[in-house]
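A short worksheet on the structure shown next.
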Amino acid sequence: MDGDDGDADYDELVIHCRRLVCNSATRDLPTQSEFLQNRLRWSTRSYMAGTPSSPVQMIADQGKWLMNRTGRMQRPLASKEALQMNPNQALWEKGDFTRIAEGMRESGETLVETLGITKGLKVLDLGCGDGTTALPLAKRGADVLGVDIARNLVEAGNKRAKDQRLINCRFQEGDASNLHELEDHAFDLVVSMFGAMFAPKPFDVAKEMVRVTRPGGRIVMGNWIPGDPTLVAQILKISSSYSPPPPEGFISPMMWGVDSNVIERFEGAGIPKERISLVRDTYIFNLAGPPSELVNIFRKYYGPTMNAFEAAEKNDRAGDLQGELEVLFNSHNKSPSKDATSIPATFLRVTVRA
């Protein structure tokens with residue numbers, strides 16, 4: 001946010017926190033670092049419980065958390081940067097998802113082969129990462145725009161496209177719940193593999209995807225499924241158990257993996273149920289190394305597990321978390337070699353005819 005709207009929201013924040021949390025105009029708000037630290041920690045649990053409805057409510061909830069923890073508010077918030085910080089962006093920029101995506105390339109290629117890509121097809125890859133699906137789409141002749149909330153992934157995607165001389169593929173920063181920079185009906189196909197599901201305001205996400213898709217075009221989403229016994233759902237479940245609880249009012253991104261929720265959200269965007277297809281599909285995580293090495297990659301580079309380990313270390317439970325994840329990864333490994341990793345993960349494949 002910027003300009004007068006940003007000033008108004010910040011003033012509202014101060015008044016709201018002081019009335020709701022401090023009950024005194026003489027008390028101070030938490031520091032910027034304290035706010036950002038806890039916002040990142042909450043983002044980990046958001047995978048199972050959801051995302052906040054507004055920055056003001058998020059900061060107010062964070063203030064209540066500090067009050068419960070310390071019995072008093074801390075020093076004044078240093079600036080409006082905390083209010084402007086997008087917790088989803090902060091989470092994905094915290095790590096380096098390119099290291100995870102390296103093991104997803106083969107499945108990205110396989111998925112694109114099923115999409116019937118033709119030369120000149122205009123495609124939006126939403127929550128694109130560094131191009132696991134965007135680059136294969138471009139190699140098959142599509143004109144591809146990749147949009148992601150994480151600036152480091154946008155930079156990595158543009159570098160990969162340049163290195164592979166794909167002039168028909170570019171990447172830019174954007175939020176799946178507010179694609180204001182994109183015109184109506186601009187794309188023949190909108191793809192989002194495990195990307196848009198993590199954006200806040202899921203009904204807005206559905207409306208935006210429908211808005212930018214031309215009549216007669218398609219939307220294809222890949223969403224992880226809550227409670228599923230395979231890899232990713234279990235990683236997020238385990239990670240959440242080691243992290244602080246999120247604020248009230250969260251709507252879990254994992255709910256994009258529930259059939260009835262998907263239908264409700266797209267019906268809210270004007271798509272009738274009969275034009276929505278839902279099937280189970282599989283993505284495979286590959287690594288030329290043992291499962292324990294893949295666990296360490298998730299620990300070092302994947303935002304949710306990074307935050308879970310940080311929280312676990314404060315409670316002297318990092319070893320427990322490491323052990324749980326190694327058991328999970330080893331038990332799901334389908335590679336015939338103990339020195340290689342190939343782990344399938346089930347997801348909900350959504351196809352919408354606009």
(message) Tell me yes or no: at least one residue of the range 114-129 is closer than 18 Å to Met221 by Cβ, in the same structural domain as Met193 (by TED's automatic domain parsing) and assigned to a helix (DSSP H, G or I).
(response) no
(message) Just to be sure before I move on: is Arg299 under 21 Å from the mean Cα position of the chain (by Cα) and touching a residue at least 60 places away in the same chain (Cβ under 8 Å) in the structure I sent?
(response) no
(message) Quick check on my filter: what residues within the range 213-230 are surrounded by fewer than 23 Cβ atoms within 10 Å (Cβ to Cβ) and under 17 Å from Asp125 (Cα atoms)?
(response) Arg214, Gly217, Arg218, Val220
(request) Specify the residue that is surrounded by the fewest Cβ atoms within 10 Å (Cβ to Cβ); the eligible residues are those in the range 262-310 that are closer than 28 Å to Asp339 by Cα and of a type in the set (Gly, Ala, Ser). (result) Ala288
(request) Mind listing whichever residues of the range 183-206 are over 16 Å from the mean Cα position of the chain (by Cα) and crowded, with 19+ Cβ neighbours inside 10 Å? (result) Phe187, Asp188, Leu189, Val190
(request) Write out, first by first residue and then by second, each pair whose Cβ atoms fall under 8 Å of each other, whose residues are 6+ apart or on separate chains, and whose first residue, in the range 327-338, is surrounded by fewer than 15 Cβ atoms within 10 Å (Cβ to Cβ) while the second is aliphatic (A, V, I, L, M). (result) Lys334/Ile343
(request) Output the residues belonging to the range 125-152 that are within 17 Å of the chain's Cα centre (by Cα), in contact (Cβ under 8 Å) with a residue 40 or more places away in the chain and closer than 21 Å to Pro215 by Cα. (result) Asp125, Leu126
(message) Can you go through Pro272, Pro246 and tell me which one is modelled with pLDDT of 95 or more and under 23 Å from Ala176 (Cα atoms)?
(response) Pro272
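The values are calculated or read from the model by the stated rules, or taken from the named source; none is laboratory data. Only a predicted model underlies this, so the values are computations on that prediction, with no experimental measurement involved. Quick reminder, even Gly has a Cβ in these numbers, built from the backbone with ideal geometry, and neighbours come from all protein chains shown.
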